[in-house]
1. Conditions: (1) open to solvent by 40 Å² or more (accessible area, probe 1.4 Å); (2) at pLDDT 90 or above. THR235 meets all but one. Number of the miss?
2. Any idea which residue in the stretch 140-176 is farthest from PHE116 (Cα to Cα), counting only those that are open to solvent by less than 40 Å² (accessible area, probe 1.4 Å) and of a type in the set (A, V, I, L, M, F, W, C)?
3. Exactly one condition in (1) touching a Ser or Thr at 6+ places or on another chain (Cβ under 8 Å); (2) surrounded by fewer than 21 Cβ atoms within 10 Å (Cβ to Cβ) is false for TYR346; which is it?
4. Would you check which residues across the stretch 171-209 are out of contact with any Lys or Arg (no Cβ under 9 Å at 6 or more places or on another chain), more than 29 Å from PRO304 (Cβ to Cβ) and outside any strand (DSSP E or B) and list them?
5. So which strands (runs of 3 or more DSSP E) stay within the stretch 62-170 end to end and still have 1 or more residues that are at pLDDT 90 or above?
6. Under 6 Å by Cβ, and 6 or more places apart or on different chains, what pairs join a residue from the stretch 590-613 that is over 16 Å from SER302 (Cβ atoms) and part of a helix (DSSP H, G or I) with one that is polar (S, T, N, Q) and modelled with pLDDT of 95 or more?
7. Residues that are open to solvent by 30 Å² or more (accessible area, probe 1.4 Å), at least 2 per element: which strands (runs of 3 or more DSSP E) completely within the stretch 248-330 meet that?
8. Residues that are farther than 28 Å from GLU372 by Cβ and acidic (Asp, Glu): does the stretch 402-417 have at least one?
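The values are calculated or read from the model by the stated rules, or taken from the named source; none is laboratory data. No experiment lies behind these values; they were computed from the predicted model shown. Here Cβ is always computed from backbone atoms with ideal geometry, including for glycine, and neighbour counts include all displayed protein chains. Ligands, DNA and RNA are stripped out before the accessible areas are found, and what is left, the full protein with its side chains, is counted by its heavy atoms. Shrake-Rupley method; radii C 1.70, N 1.55, O 1.52, S 1.80 Å.
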Amino acid sequence: MQRKLYIVFGGVCVLLVVLIGRLMYIEATSGKRYEKIVLSQQSFDSSIIPFQRGDITDARGTVLATSVDVYNVILDCNVLNGGRFDTNEEGEFVKKKVDAAEKNINHTINALLTVFPELSEEEIRKTLDEKRTSPYIVLVKKTPYENRQKFQELVEKDAERKSEVAAEEGYIKGIWFEKEYVRKYPYNDIASAVIGFANSESGVIGLEAQYNTALSGVNGRSYGYKSEDNNLTQTVVEPEDGHTIEMTIDVNVQTIVQNELETWNLQHRTTDDAGNVLQEGSVHTACIVMNPKNGNILAMASFPSFDLNNPRDLTAYYSKEQLSVMSEEEKMDSLNRIWQNLPINYSYEPGSTFKPFTVAMGLETGTLTGDEIYECNGKEDISGFEIHCVNRNGHGQETVEKALWDSCNDALMQMSYSIGGDIFSRYQHTFGFGQKTNIDLPGEANTAAVIYQKEDLQKTINLATNSFGQNFNVTMIQLATGFSSLINGGNLYYPHVVQRELDKNGNVIRSVEPVIMRRTLSEEVSQTMKGYLYGVVREGTGKVAGVSGYNIGGKTGTAQKLPRSAGNYLVSFIGFAPFDDPEIVCYVIIDTPNVDDQPHSNYAQEIVHNIFTQILPYLNIETAAEEGVGAIDEPVDTSRVEYSGVRTNGTEQEQGEEAGTETKPQEPEQETETQAETGDVPNTRPEIQNTEDEQEAATAEPTWEAEDTGV
């Protein structure tokens with residue numbers, strides 16, 4: 001008996017060895033094939049979980065750009081058909097009558113049409129027949145969360161039915177929702193060129209493009225296997241959401257600025273009796289509001305702006321008739337012009353807003369003491385040109401300070417002779433002209449090719465015209481940043497529009513601290529310049545910009561554009577407050593104002609005045625009485641001024657008694673940098689060479705009008 005057991009045990013062991021050997025052989029020779037057979041009997045599911053793009057907020061946390069979840073309604077034909085199709089001997093699909101499946105289809109379609117009435121029952125049934133086993137058919141794209149919730153309520157209501165009722169009516173099957181995000185801009189056109197917009201993949205312009213990496217996250221993914229017995233094994237890798245970008249922009253200041261730019265342009269637009277626009281209020285108008293103490297940009301705007309929620313819509317700018325004859329290329333060119341951020345993309349001749357820089361470089365180097373007396377007879381004769389002053393009859397004797405008050409070209413030209421070309425060129429670069437400011441926005445214009453080099457400024461005619469801001473180009477951000485250093489003690493800060501980067505939980509990833517690029521002048525000269533510029537508003541050509549009850553300084557500008565013979569001007573004003581310790585700078589330009597008499601900076605001053613009357617109290621800027629420096633007796637008066645030169649139905653209407661409005665009497669400013677008897681400034685601009693940097697400088701400027709290139 002024991003012997004038989006040994007024989008049986010031995011036989012079993014031999015069989016096990018043979019079996020193990022056979023299995024090892026199969027694994028070695030056919031393992032992959034059998035693995036595929038097993039996997040083919042399982043259902044594999046993999047879906048992307050999209051990341052949420054980070055928000056863009058203003059300095060106070062107001063959300064200006066965000067990503068809102070939306071849903072695609074997906075039909076799984078294979079599930080909803082539920083056995084309605086079989087295959088014949090030839091492998092072709094054959095529809096068969098399955099009552100349960102038909103009931104489910106009817107019930108599901110009714111539920112879909114209840115929530116999504118735009119769907120067609122006929123199209124859904126056609127899809128079920130033609131795409132019978134497809135697991136992914138998009139029925140509705142980007143429906144809001146509310147619709148998903150309504151459909152989910154129907155599903156939950158179904159689950160509460162009694163089994164016999166459910167069996168009779170059918171079930172909702174084969175419908176699921178795919179989540180994705182769309183970009184929304186709650187304030188539409190506010191800071192549109194600064195914020196920019198994004199498509200489904202990345203940022204296109206503005207901060208959306210500049211900070212695309214920070215705003216973007218990483219998609220997650222859900223993996224799952226479902227076997228024939230419906231056991232599900234699932235792995236989920238959660239998405240990493242993008243970071244929030246917190247700007248230095250204040251949405252309230254930005255809104256005030258945009259409203260004033262729009263108001264001015266709409267009031268100066270020429271229309272016919274039917275209301276059709278014949279000519280816009282200006283070629284373009286733009287503004288920067290910044291903090292001179294740290295380079296923070298509080299507002300940056302240009303007119304016209306555009307709706308970030310529909311950035312490719314041209315109907316606000318062109319009639320249907322005009323759009324119908326425009327090619328796709330012409331439409332794209334128009335969009336690119338509208339999307340431009342003019343304060344950083346566009347360069348121009350600054351005019352008299354550059355005069356403070358000429359005075360400052362003279363005082364800083366000692367080539368001017370501030371005690372000089374100049375005789376203005378109305379012109380300077382240089383190289384065969386009569387270069388005229390604002391007052392063609394002459395201002396008579398001018399001090400350095402009073403030359404700024406009166407915006408005297410003659411005195412400034414005489415100062416440039418003392419300063420000399422070497423110092424002038426060096427300090428132009430010290431103040432940042434001819435260089436990018438490296439603001440954290442894309443598309444900053446390169447002006448290196450549209451500014452004189454040191455050797456060119458050895459010519460008296462070039463030096464003289466440059467001294468009052470003609471024959472070279474700047475950008476608004478260059479001039480505002482450089483001007484800030486004149487009044488903040490001599491610190492040239494890098495300008496920026498972003499102050500923090502935050503994760504989705506509000507933790508600070510990165511803070512942007514103020515960075516001084518370089519020192520431009522001494523505290524003593526800066527203090528002197530503040531006094532001079534305060535006098536411009538108090539006693540000189542900048543009175544219109546003043547706000548009663550506040551100590552405001554600034555400088556007017558009226559630059560003659562190329563071609564000189566066209567008689568077009570870019571007028572501007574840059575102002576600051578309070579006088580003793582400046583906290584705010586506001587710079588406005590109006591390019592080719594649509595008025596009969598262009599060369600007056602009053603138009604820009606009016607805009608600055610109306611901006612200051614609103615933002616100074618809002619930002620708690622010290623009044624003159626609180627400041628205690630040169631305090632005036634007048635109470636604070638923040639009433640706005642009515643814009644002058646308003647156009648109605650093709651005619652210019654001056655504000656005042658005839659316009660039916662009461663305004664404070666204003667003397668028109670006579671500041672015009674017209675130069676020869678013909679009114680032309682000599683064009684002695686540097687020749688543009690075909691270098692890479694100079695190509696960039698040229699292409700960075702918008703080509704709205706031929707004369708706008710300034711080259």
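1. For THR235, the failing item is (2).
2. ALA166
3. Status for TYR346: all satisfied but (2).
4. ILE172, LYS173, GLY174 - these are the residues of the stretch 171-209 that are out of contact with any Lys or Arg (no Cβ under 9 Å at 6 or more places or on another chain), more than 29 Å from PRO304 (Cβ to Cβ) and outside any strand (DSSP E or B).
5. 63-75, 137-144
6. none
7. 277-279
8. No: the stretch 402-417 contains no residue that is farther than 28 Å from GLU372 by Cβ and acidic (Asp, Glu).
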